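The values are calculated or read from the model by the stated rules, or taken from the named source; none is laboratory data. Quantities reported herein were computed from a predicted structural model and do not represent experimental measurements. Heads up, the Cβs are rebuilt from the backbone with ideal geometry, glycines too, and the neighbour counts pull from every protein chain shown.
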Ligand SMILES: Cc1cc2nc3c(=O)[nH]c(=O)nc-3n(C[C@H](O)[C@H](O)[C@H](O)COP(=O)(O)O)c2cc1C
């Protein structure tokens, strides 16, 4: 695969209600627009990476009750040396990030913890706000999210769906990553 075609950037996304997927597809769109082959693939427990096929990697992962998907930890541990050798991107998606002042990767608790536990230093990191989609949650999740929102001064109307993602921030992060890929694009040009 890698010999007959250009290596691509692999964007792995993990979430439950589609926001991480949408963010990954915007990033992929920016890369493709810049002429860089890229593909967005859902991250599951069965996901395997073929490093020979990719010139870079990104993870777009959403927080669920304080945690990210185990598969992200597994893949980063399994490919640590390779990931450190290519341009890499981390986008974390959470509701705490709906306040702009909470989007600093250096202070965002979930992102900090993830980076500390994986030992990964991504080339680019962005902390992005997700969406609240109460009508799609089961009663347990709806109750928990409403409580979290109540405690943090957010929307508690259980019928509302609000997209807090700053899409301009997502595009800026994608463009920054595109520049990083270009800067190390021996295989891509
Ligand atoms: C069940 C559930 C648990 C969540 N837990 C957290 C959390 O602990 N902290 C947080 O900031 N956001 C939390 N969120 C917000 C999600 O990260 C946000 O809704 C995001 O858009 C989900 O992305 P997805 O559609 O890709 O799953 C939670 C959302 C759901 C539905």
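Brief remarks follow.
- Annotation note: of 139, 162, the sole residue that is modelled with pLDDT of 95 or more, surrounded by fewer than 12 Cβ atoms within 10 Å (Cβ to Cβ) and out of contact with any helix residue (DSSP H, G or I) (no Cβ under 8 Å at 6 or more places or on another chain) is 139.
- Of all positions in segment 41-53, none carries a residue that is within 16 Å of the ligand (Cβ to nearest atom) and in a helix (DSSP H, G or I).
- Criterion: more than 11 Å from the ligand (Cβ to nearest atom) and surrounded by fewer than 18 Cβ atoms within 10 Å (Cβ to Cβ) - qualifying residue of 73, 65: 73
- So residue 78, is it touching a residue at least 12 places away in the same chain (Cβ under 8 Å) and within 23 Å of residue 134 (Cα to Cα): no
- Being free of Cβ contacts under 8 Å to residues at least 24 places away in the same chain and more than 22 Å from residue 22 (Cα to Cα) holds for only one residue in 152, 118, 111, 143, and it is 143.
- Verdict on residue 24 being within 15 Å of the ligand (Cβ to nearest atom), outside any strand (DSSP E or B) and under 20 Å from residue 119 (Cα atoms): no
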